[in-house]
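Novice: Quick one: structure below, then a few questions.
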Amino acid sequence: MKSVIVIGGGFAGLSAATALAEQGAPVTVLEGRQILGGRAYSFVDSQTGDSVDNGQHLFMGCYRDTIKFLRRIGSLERLKFQPSLSVEFAGSGGRRAALKCLSLPAPWHLLSGLLRLKTLTWADRWRLRHIRAALKKPISVEDLDRLTVDQWLTQCRQSDRAKRHLWDLIAVACLNEESRVASAAPFVTVLRQAFFDDPSASCLAFANVGLSDLYVRDAIAYIQKAGGEVRAKCPVHRVVIRNGEVKGVLLRDGTRLEADVVISAVPAWALLKLLPDEIHEKEAYFQPLKKLAYAPIISIHLWFDQKITDDLFAGLLDTHIQWIFNRSRIHHDAKTKAGYVSLVISGAHDFVEWPDMKILSLALEELRRLFPPAKEAVLLRSLVIREFQATLSPKVGGEALRPGHESPIANFWVAGDWTKTGLPATIESACVSGHACADLVQRHHSADLPVYA
């Protein structure tokens, strides 16, 4: 049976490794850092004892490959799904609105919520029919990739108000980029899969534990139980290639590990460093990777001496911060029973170089404007976490730069949320890529491994 090395221990790498381990492949996962989790991990705050995610993640019912992965390792019950799509919105001056969808077939479930959404005028609600009509029309990814989200919404006759109070919030949450910059291609994919297909696909879910507790430990246990190995603090220096075929990897400490198959599940910039210069300079497959751009995310964790909101989470209107999450309610084992919230600034290019205190001042100013109890609450602790290269920036034309999973090097496969999955660079995209690589490995070695289903 073919031996497999997976480089990288995030969602992409662990979904690929567990899928192969499920079919009996001897798998070794190599992670350069001390902890696994890639760009989706958590740690315990030393002062409060609360689990802190490096970035807040929402899951959706349409995350089918993520659900498959979590079910495989036995941790799906740690995701708590809404019975139907429901999103609260908070604006200044005590303005409140809610998107609450009825239990109806798609797309009527979404329309039932949008038609009652107070942030939209009656004219905005009437114009929603143009979104539905556009989604039903066949249009190529290439054509959509020439448009920004904002341009596509304008073609769909959406008003500036509807963009600002609805579509822009969805776009920045899904794409981690502003609608005036992001390509319409992945945005349209999200709308079709999440909101206009199956009512359950649009339901949101939260991990009721820290991200690492959601999947890392169970994935490691699953791989080890199947006879595989997971090594942390084991950075790969180079992928070993001979005569156009992968032979294994060379570790930074000089150790060489041989394998029949190698799957890279690291970011594009990290992958290029693993390859000999003559490979990524000569092979056309690797050239577009140098042109990929990235978008930052800032997470602001705040601990108050009292509850500042009853909302589980809410979208914030006319603010620089887009979302608030009530971590005291979301985490079933939260040590801070009231007053622990996290805020998110996606596509945070304008803020990522700000000092912590300036970001904190902005956060408190906007919180106190939208949530009156925050004016009286005492801030006990704060953490500002920056992910400078949190996700691929889905700029116009960017879809053409994303590579497929099969590289020009024999038996060397490429996974990651940034690869050509057709989805934005999300957890679901990472799991789709990991499963796709596992499937390709098994198909190419069908004499030794059964096909993954």
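Novice: Any idea how many residues of segment 173-201 are assigned to a loop (DSSP other than H, G, I, E, B) and either surrounded by fewer than 24 Cβ atoms within 10 Å (Cβ to Cβ) or among the small types (Gly, Ala, Ser) (or both)? Show your work before the answer.
Specialist: First, pick out the residues of segment 173-201 that are assigned to a loop (DSSP other than H, G, I, E, B): 176-181, 196-198.
Subset that is either surrounded by fewer than 24 Cβ atoms within 10 Å (Cβ to Cβ) or among the small types (Gly, Ala, Ser) (or both): 178-181, 196-198.
Qualifying residue count for the region: 7.
Novice: Going by the structure shown, is Phe351 among the aromatic types (Phe, Trp, Tyr), buried (at least 19 other Cβ atoms within 10 Å of the Cβ) and touching a residue at least 24 places away in the same chain (Cβ under 8 Å)? Explain how you work it out, then say what you get.
Specialist: On the way: among the aromatic types (Phe, Trp, Tyr): yes; buried (at least 19 other Cβ atoms within 10 Å of the Cβ): no; touching a residue at least 24 places away in the same chain (Cβ under 8 Å): yes.
No.
Novice: With the checklist (1) free of Cβ contacts under 8 Å to residues at least 60 places away in the same chain; (2) of a type in the set (A, V, I, L, M); (3) touching a helix residue (DSSP H, G or I) at 6+ places or on another chain (Cβ under 6 Å) in hand, flag the one item Ile67 doesn't pass.
Specialist: (3)
Novice: Here's another thing I want to ask about it. For Trp413, state whether it is farther than 25 Å from Val181 by Cβ, outside any helix (DSSP H, G or I), in contact (Cβ under 8 Å) with a residue 12 or more places away in the chain and within 24 Å of the chain's Cα centre (by Cα). I'd like the intermediate steps shown before the answer.
Specialist: Working: farther than 25 Å from Val181 by Cβ: yes; outside any helix (DSSP H, G or I): yes; in contact (Cβ under 8 Å) with a residue 12 or more places away in the chain: yes; within 24 Å of the chain's Cα centre (by Cα): yes.
So Trp413 fits the description; yes.
Novice: So, one more: Can you confirm whether segment 17-30 contains a residue that is within 26 Å of Val190 (Cβ to Cβ) and in contact (Cβ under 8 Å) with a residue 40 or more places away in the chain? Even if it seems obvious, please write down each step before you answer.
Specialist: Of all residues in segment 17-30, those within 26 Å of Val190 (Cβ to Cβ) come to 18-19.
Filter once more, keeping what is in contact (Cβ under 8 Å) with a residue 40 or more places away in the chain: 18-19.
The answer is yes, given that some residue of segment 17-30 is within 26 Å of Val190 (Cβ to Cβ) and in contact (Cβ under 8 Å) with a residue 40 or more places away in the chain.
Novice: With respect to the numbered conditions (1) without any contact (Cβ under 8 Å) to a residue 12 or more places away in the chain; (2) surrounded by 15 or more Cβ atoms within 10 Å (Cβ to Cβ); (3) within 27 Å of the chain's Cα centre (by Cα), which one is the sole condition not fulfilled by Ser112?
Specialist: So Ser112 meets the others, but not (3).
Novice: Mind listing whichever residues of segment 128-172 are surrounded by 19 or more Cβ atoms within 10 Å (Cβ to Cβ) and among the small types (Gly, Ala, Ser)?
Specialist: Ala162, Ala171
Novice: Further, regarding this structure: Yes or no: segment 138-147 includes at least one residue that is farther than 20 Å from Gly347 by Cα and modelled with pLDDT under 90.
Specialist: The answer is yes, given that some residue of segment 138-147 is farther than 20 Å from Gly347 by Cα and modelled with pLDDT under 90.
Novice: Any residue in segment 337-348 that's in contact (Cβ under 8 Å) with a residue 24 or more places away in the chain and in the same structural domain as Arg368 (by TED's automatic domain parsing): show its pairings with residues that are among the basic types (Lys, Arg) and surrounded by fewer than 24 Cβ atoms within 10 Å (Cβ to Cβ) at Cβ separation under 8 Å, as long as the two are six or more apart or on different chains.
Specialist: The qualifying pairs are Ala338/Lys307; Gly339/Lys307; Ala348/Arg386.
Novice: Condition test on Val190, is it in contact (Cβ under 8 Å) with a residue 60 or more places away in the chain, of a type outside the set (Phe, Trp, Tyr) and closer than 21 Å to Arg72 by Cβ? Show your work before the answer.
Specialist: Details: in contact (Cβ under 8 Å) with a residue 60 or more places away in the chain: yes; of a type outside the set (Phe, Trp, Tyr): yes; closer than 21 Å to Arg72 by Cβ: no.
Taking the combined requirement at face value, the residue does not satisfy it.
Novice: Consider Phe206 carefully, then state whether it is touching a strand residue (DSSP E or B) at 6+ places or on another chain (Cβ under 6 Å), in contact (Cβ under 8 Å) with a residue 40 or more places away in the chain and surrounded by 20 or more Cβ atoms within 10 Å (Cβ to Cβ). Quick ask: steps written out before the conclusion?
Specialist: On the way: touching a strand residue (DSSP E or B) at 6+ places or on another chain (Cβ under 6 Å): yes; in contact (Cβ under 8 Å) with a residue 40 or more places away in the chain: yes; surrounded by 20 or more Cβ atoms within 10 Å (Cβ to Cβ): yes.
Judged against the criteria, Phe206 is a match.
The values are calculated or read from the model by the stated rules, or taken from the named source; none is laboratory data. This structure is a prediction, so every number in the text was calculated from the model and none was measured. Backbone-built Cβ (ideal geometry, glycine too); neighbour counts: all protein chains shown.
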